[in-house]
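The values are calculated or read from the model by the stated rules, or taken from the named source; none is laboratory data. These numbers were taken from a predicted model, which means no experiment stands behind them. Here the Cβ positions follow ideal geometry from the backbone for every residue, glycine too, while neighbour counts run over all protein chains shown. Areas reflect the complete protein model, heavy atoms only, side chains present, ligands, DNA and RNA absent. Shrake-Rupley method; radii C 1.70, N 1.55, O 1.52, S 1.80 Å.
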Amino acid sequence: MMKKQYQFGHVNIEVHMPEGMLIPENMQKFMCENDEADRIYEIEYAKSLAEIEQELRQSCPQAREIRRENLRVLTAPEKECRILNFYGADRPYGIVLEETGKPIRVWVDEEIRPMLIYDTIFVSLLALEKLMIQHDSLILHSAYMLRGGKAILFSAPSETGKSTQADLWERYRGTRTVNGDRSLLIREKDGWYAYGWPVCGSSKICHNESYPIQAIVMLHQSKTNEIVRIQGFEAVQKLMAQITINMWNTEYQIKAMDLIEEMIGDIPVYELGCDISEEAVRCLEKELEKID
């Protein structure tokens, strides 16, 4: 077995895995060396995940089951088991068992070994969104742009144009994209910061850097470029929809909403209806100049 340590924001993890296991390039950017880890993971290959699933079900017959299209979750006191599927697949590719006071155990279908090099697959095995919310950190679906030493976060559902707007700013204003698909939000002593994250979607842009957040911009496609500041429940609702969180866990939902409410009290949130022209850049730029 080989051991590697990673740091995401303020959270350190240690992963024990088989020698030679493929690791995504993006994960390597978050490697670190620390004396202690907040969580330890033990990953191993398995020939039959069905047998492991059956054994786990038998060990906690009273477990509550939550079903999603690509995920099943068994919850019981002091225990949670995740069974991960690819969309449309009839068999799981991974099982994650979390028990209070023990390392998190992960079994991976040995047939998908070559696919572990993809960050979305590897990171899904670590259930990091749960660990982050436990440490008061939020994973936001967003293109993370650096402008004048501050982070501007473009957030919206997939295929709405987050990376496109960041690209427009690079082309017309010389900004830089830190991550094309995700950012980790953390409140520090001097304000809220955006940190890098090891998943970047199809953008392939991933850097392990942190900067203070100047604004969050919620996007929707439009033939005209218009921007308004949103606050209160509307801002919370739109941001909540783009936070990576276990929606079946009421405690985590409430905690995420509390953090978002704190954040929008400190950071302006805008809604930008935009096309893919320089005018979209100018429209947002006018608002940002008011808070520079």
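Things to note:
- Put a plus charge on the Cβ of each Lys and Arg, a minus charge on the Cβ of each Asp and Glu, and nothing anywhere else: the dipole of the range 58-145 about its Cα centre is then about 160 debye.
- Net charge in the neighbourhood of Ile291 (other residues with Cβ under 14 Å of its Cβ; Lys, Arg +1, Asp, Glu -1) is 0.
- For a straight C-alpha distance cut-off of 14 angstrom, the aspartates and glutamates reachable from Lys150 (same-chain residues fewer than eight places away being disregarded) are Asp190, Glu209, Glu285, Glu289, Asp292.
- Counting only protein heavy atoms and a probe of 1.4 Å, the accessible surface of the chain is 45% carbon and sulfur.
- Solvent-accessible surface of the range 52-175, averaged per residue with a 1.4 angstrom probe and all protein chains in place: 46 square angstrom.
- Where only alpha carbons of the range 1-43 are counted, the Rg and the Dmax (Å): 9.9, 28
- With N the number of residues in the range 144-292, Rg(Cα) / (2.2 N^0.38 Å) evaluates to 0.99.
- Residue range of the chain that is longest and free of GluC sites (Glu not before Pro) which are both DSSP loop and sparsely packed (at most 12 other C-beta within 10 Å): 160-292
- Given charges at Cβ of Lys, Arg, Asp, Glu: the chain dipole, positive-most of Gly148, Trp169, Gly232: Trp169
- For the chain, the relative contact order is 15 percent, taking Cα pairs closer than 8 Å that sit 6 or more residues apart in sequence and dividing their mean separation by the residue count.
- Candidate cross-link partners of Lys223 among the lysines, defined by an alpha-carbon separation under 18 Å and a same-chain spacing of 8 or more, comprise Lys162.
- Dipole in debye (nearest 20) - the range 18-174, about Cα centre, beta carbon charges: Lys, Arg +1; Asp, Glu -1: 720
- The convex hull drawn around the Cα atoms of the range 18-112, when projected onto a plane and averaged over every direction, covers 7.5 nm².
- One Cα centroid belongs to the range 1-65, the other to the range 174-230; the line between them spans 28 Å.
- Looking at the chain, the DSSP beta bridges with both ends there are about 75 percent antiparallel.
- Diffusion constant of the chain at 10 °C, which comes from Stokes-Einstein with the Kirkwood Cα-pair radius and 1.306 mPa s, µm²/s: 79
- Relative to the longest principal axis of the Cα atoms of the chain, the long axis of helix 162-173 lies at roughly 40 degrees.
- Electrostatic dipole magnitude of the chain [Cβ: Lys, Arg +1; Asp, Glu -1; Cα centre; debye, to 20]: 340
- Reference-scaled alpha-carbon Rg (2.2 N^0.38 Å with N residues) for the range 106-180: 1.41
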